[in-house]
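The values are calculated or read from the model by the stated rules, or taken from the named source; none is laboratory data. These figures come from a predicted structure and were not determined experimentally. Positions of Cβ are backbone-derived with ideal geometry, glycine not excepted, and every protein chain shown enters the neighbour counts. We work out accessible area using only protein heavy atoms, side chains counted, and drop any ligands, DNA or RNA first. Shrake-Rupley method; radii C 1.70, N 1.55, O 1.52, S 1.80 Å.
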Amino acid sequence: VQLQASGGGLVQAGGSLRLSCAASGRTFSRLAMAWFRQAPGKEREFVAAISWSGGETYYSDSVEGRFTISRDNAKNTVYLQMNSLKPEDTAVYYCAADPTRYFSGSYSAGYDYWGQGTLVTVSS
């Protein structure tokens with residue numbers, strides 16, 4: 001599975017961005033997907049996850065209510081809509097795929113494939 005993340009950039013606090021992650025190499029509708037992020041000097045952390053069908057989603061407490069994960073299985077793409085961005089959201093964002101489970105949640109070790117990351121910078 002190859003994952004290509006895009007959509008990062010520089011935005012002011014309170015603004016919005018939408019990240020995309022295009023997948024190839026495997027049946028996308030059978031991949032549980034997630035977004036993680038890693039801020040400078042910090043460990044990678046879970047952001048959001050979505051099931052095969054998109055019917056189940058799960059968010060970290062820090063982004064709940066501000067971020068929305070979704071997927072378009074016809075386009076082999078998962079999205080992360082980020083609203084009300086804060087400076088503490090600044091990080092490299094990674095998409096991840098699990099080909100073995102319907103829904104993997106926040107367990108990073110369950111994801112076998114990772115994208116290259118896209119940088120999101122939120123200025124105050």
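Structure above, values below:
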quantity	calculated
Selection count, segment 32-58, where residues are open to solvent by 30 Å² or more (accessible area, probe 1.4 Å) and either part of a strand (DSSP E or B) or in contact with a Phe, Trp or Tyr (Cβ under 6 Å, 6 or more places away or on another chain) (or both)	7
Total residues in segment 2-31, condition in contact (Cβ under 8 Å) with a residue 24 or more places away in the chain and not in a strand (DSSP E or B)	12
Single unsatisfied condition, Phe103 versus (1) surrounded by 14 or more Cβ atoms within 10 Å (Cβ to Cβ); (2) in contact (Cβ under 8 Å) with a residue 60 or more places away in the chain; (3) closer than 19 Å to Gln116 by Cβ	(3)
Filtered residues of segment 59-71 (kept if crowded, with 16+ Cβ neighbours inside 10 Å, assigned to a loop (DSSP other than H, G, I, E, B) and without any contact (Cβ under 8 Å) to a residue 40 or more places away in the chain)	Val63
Residue in segment 76-99 that is exposed (fewer than 15 other Cβ atoms within 10 Å of the Cβ), outside any loop (DSSP other than H, G, I, E, B) and small (Gly, Ala, Ser) present	no
Residue list for segment 106-124, filter: surrounded by 15 or more Cβ atoms within 10 Å (Cβ to Cβ) and outside any strand (DSSP E or B)	Ser106, Ser108, Gly110, Tyr111, Gly115, Gly117
Residue among Arg101, Arg26 that is at pLDDT below 95, in contact with a Gly (Cβ under 7 Å, 6 or more places away or on another chain) and of a type in the set (Lys, Arg)	Arg101
Number of the exception - Glu45 against (1) within 20 Å of Gln4 (Cβ to Cβ); (2) modelled with pLDDT of 95 or more	(1)
Residue list for segment 20-31, restricted to those being in contact with a strand residue (DSSP E or B) (Cβ under 9 Å, 6 or more places away or on another chain), open to solvent by 50 Å² or more (accessible area, probe 1.4 Å) and of a type outside the set (D, E, K, R)	Ser24, Gly25
Those residues of segment 1-19 which are under 14 Å from Leu80 (Cα atoms), open to solvent by 60 Å² or more (accessible area, probe 1.4 Å) and of a type outside the set (S, T, N, Q), in sequence order	Arg18
